[in-house]
Amino acid sequence: VTVLFEIKTFDHQQTKKLGEIFAKLLKPGYMIRLEGDLGAGKTTFVQGVGAGLDIRDRITSPTFTILHQYDGKIPLNHIDAYRIDFLEEIRELGLEEVIDGQGITFVEWPDKIESILPEEMLYIKINKTEDDQRNISFDAIGNDYLKVIKELEKSVSYRFR
Ligand SMILES: Nc1ncnc2c1ncn2[C@@H]1O[C@H](COP(=O)(O)OP(=O)(O)OP(=O)(O)O)[C@@H](O)[C@H]1O
Ligand SMILES: [Mg+2]
């Protein structure tokens, strides 16, 4: 499996900064899969996205509530599908409407709701390294998303340190 772009962050602040830079490249309706083990830094990354979208509310993990929505320059939807066990819950929570809407949507544990996800999405994976840094990789299906990653790579090369 090839990865389009990969970057290492040394601490929590850098992961947030990367999320903030990434957020500036997103458009309404964009869908992002966000994967990584417990404590990898998924929520940290989305907090950075929130900063990039001028969201004032504190962004917390949607672990128990499954869906968090925030108002910003573009609305932000943060889904954690880990606790979804029945397709019925998807309907009760209105997740399809959320996904089809004009917000930007991040989905943790996307496999759980695969049936309602579009084919074209941007993929982010966060992996802990042995020295407790993070490898963050970006890949995508869909030309618009592939362009976002190319743009991110450019932005990061002169703005990220
Ligand atoms: N480079 C890094 N990037 C992000 N977080 C880091 C980094 N280095 C250390 N950390 C620490 O790792 C933890 C990441 O927590 P976070 O809640 O963002 O993870 P998560 O992937 O959302 O976990 P969970 O699956 O439990 O919700 C924080 O305590 C953070 O300070
Ligand atoms: Mg989290």
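The values are calculated or read from the model by the stated rules, or taken from the named source; none is laboratory data. Small disclaimer: the values here were computed from a predicted structure and weren't measured. Heads up, the Cβs are rebuilt from the backbone with ideal geometry, glycines too, and the neighbour counts pull from every protein chain shown. With ligands, DNA and RNA removed, areas are computed over all heavy atoms of the protein, side chains included. Shrake-Rupley method; radii C 1.70, N 1.55, O 1.52, S 1.80 Å.
Observations, loosely collected:
- I124 satisfies every condition listed in (1) modelled with pLDDT of 95 or more; (2) of a type in the set (A, V, I, L, M, F, W, C); (3) assigned to a loop (DSSP other than H, G, I, E, B) except (3).
- Here G72 clears all of (1) over 16 Å from the mean Cα position of the chain (by Cα); (2) within 19 Å of L25 (Cβ to Cβ); (3) modelled with pLDDT under 95 except the condition numbered (1).
- Restricting attention to region 127-149, the residues that are in contact (Cβ under 8 Å) with a residue 24 or more places away in the chain and open to solvent by 90 Å² or more (accessible area, probe 1.4 Å) add up to 1.
- Residue in region 23-42 that is farthest from ligand 2 (Cβ to nearest atom), counting only those that are closer than 17 Å to N127 by Cβ and hydrophobic (A, V, I, L, M, F, W, C): I32
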